[in-house]
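> First the structure, which I've put down as structure tokens, then a few questions once you've had a look.
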Amino acid sequence: MRFRTALAAGAVTVASAALALVPATGPAAATTTVCGTGYSYVDSYPLLDPNSTGPSAGTLYLYYNAGNGQNCAYTEATEWVGTAKWMGVRVSTDTDDGQDDTGNYKYYAGPVYVHARHTCVNLWGTVDSPDGRSAYHTDQNGVHCG
């Protein structure tokens, strides 16, 4: 009986170690290709049409690099992917205008950066429908103060 318990405990340890080696997926993994290396996921905001209760058309992502104190933001479309549409993203602080990126994009706008160690960030992101009739956006001011 002790042998079975020890064997089962060993199998759990091996399985746990194997899971630790599985690479991360989702937003945290995506930032390596969009923001660069060293950035960690902080938050995300849906881009909503203020005149509708429908689903979002995209997401604004925020990442932070503790090594250089930079925040990175980008807007990713979840509707009309692969079709050119007006998109934009902006990140700033109260003392730094930061960066913005706007234009007709198929997948995402950005990345944009601002130095924001020990200060709050202001974020804006938008995705318009390809016909220009609907604008989906978010505007977040004074968030993630740290």
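> May I ask you to list the residues in segment 48-61 that are of a type in the set (A, V, I, L, M, F, W, C) and over 13 Å from Ala109 (Cα atoms)?
Here is the first cut: in segment 48-61, the residues of a type in the set (A, V, I, L, M, F, W, C) are 48, 57, 60.
The answer is Leu48, Ala57.
> Considering only segment 129-146, state which residues are touching a residue at least 60 places away in the same chain (Cβ under 8 Å) and under 24 Å from Ala84 (Cβ atoms).
To start, the set of residues in segment 129-146 that are touching a residue at least 60 places away in the same chain (Cβ under 8 Å) comprises 129, 134-138, 140, 143-144.
Residues satisfying the conditions are Ser129, Ser134, Ala135, Tyr136, His137, Thr138.
> Still on this structure: Residue by residue through segment 102-124, note down the ones that are under 17 Å from Tyr45 (Cα atoms) and in contact with a Gly (Cβ under 6 Å, 6 or more places away or on another chain).
Ala109, Cys120
> If the requirement is being modelled with pLDDT of 95 or more, within 16 Å of Tyr63 (Cα to Cα), of a type in the set (A, V, I, L, M, F, W, C) and crowded, with 16+ Cβ neighbours inside 10 Å, which of these qualifies: Val143, Val89? Break it down stepwise before answering.
Details: Val143 fails: crowded, with 16+ Cβ neighbours inside 10 Å.
Selected residue: Val89, the only one of Val143, Val89 that is modelled with pLDDT of 95 or more, within 16 Å of Tyr63 (Cα to Cα), of a type in the set (A, V, I, L, M, F, W, C) and crowded, with 16+ Cβ neighbours inside 10 Å.
> A follow-up question, please. Conditions first: (1) at pLDDT 80 or above; (2) of a type outside the set (Ser, Thr, Tyr); (3) more than 22 Å from Gly125 (Cβ to Cβ). Leu62 passes all but one, so which condition is the exception?
(3)
> Oh, and also: Among the residues of segment 95-115, are any touching a His at 6+ places or on another chain (Cβ under 6 Å) and not basic (Lys, Arg)?
Within segment 95-115, the subset touching a His at 6+ places or on another chain (Cβ under 6 Å) is none.
No.
> Among the β-branched types (Val, Ile, Thr) and at pLDDT 95 or above: is that true of Thr53 in this structure? I'd like the intermediate steps shown before the answer.
Details: among the β-branched types (Val, Ile, Thr): yes; at pLDDT 95 or above: no.
When the stated conditions are applied, Thr53 does not pass them.
> With the condition being out of contact with any helix residue (DSSP H, G or I) (no Cβ under 6 Å at 6 or more places or on another chain) and under 18 Å from Val34 (Cβ atoms), I'd like the strands (runs of 3 or more DSSP E) fully within segment 45-146 carrying at least 3 qualifying residues.
Numbers: elements: 58-65, 70-77, 85-92, 99-105, 108-115, 121-128, 135-143.
Because the criterion is at least 3 residues that are out of contact with any helix residue (DSSP H, G or I) (no Cβ under 6 Å at 6 or more places or on another chain) and under 18 Å from Val34 (Cβ atoms), the strands (runs of 3 or more DSSP E) in segment 45-146 that meet it are 58-65, 70-77, 85-92, 99-105, 108-115, 121-128.
The values are calculated or read from the model by the stated rules, or taken from the named source; none is laboratory data. The shown structure was predicted, so the numbers you read here are calculated from the model rather than taken from an experiment. Reconstructed Cβ throughout: ideal geometry from the backbone, glycine too, with neighbour counts over all protein chains shown.
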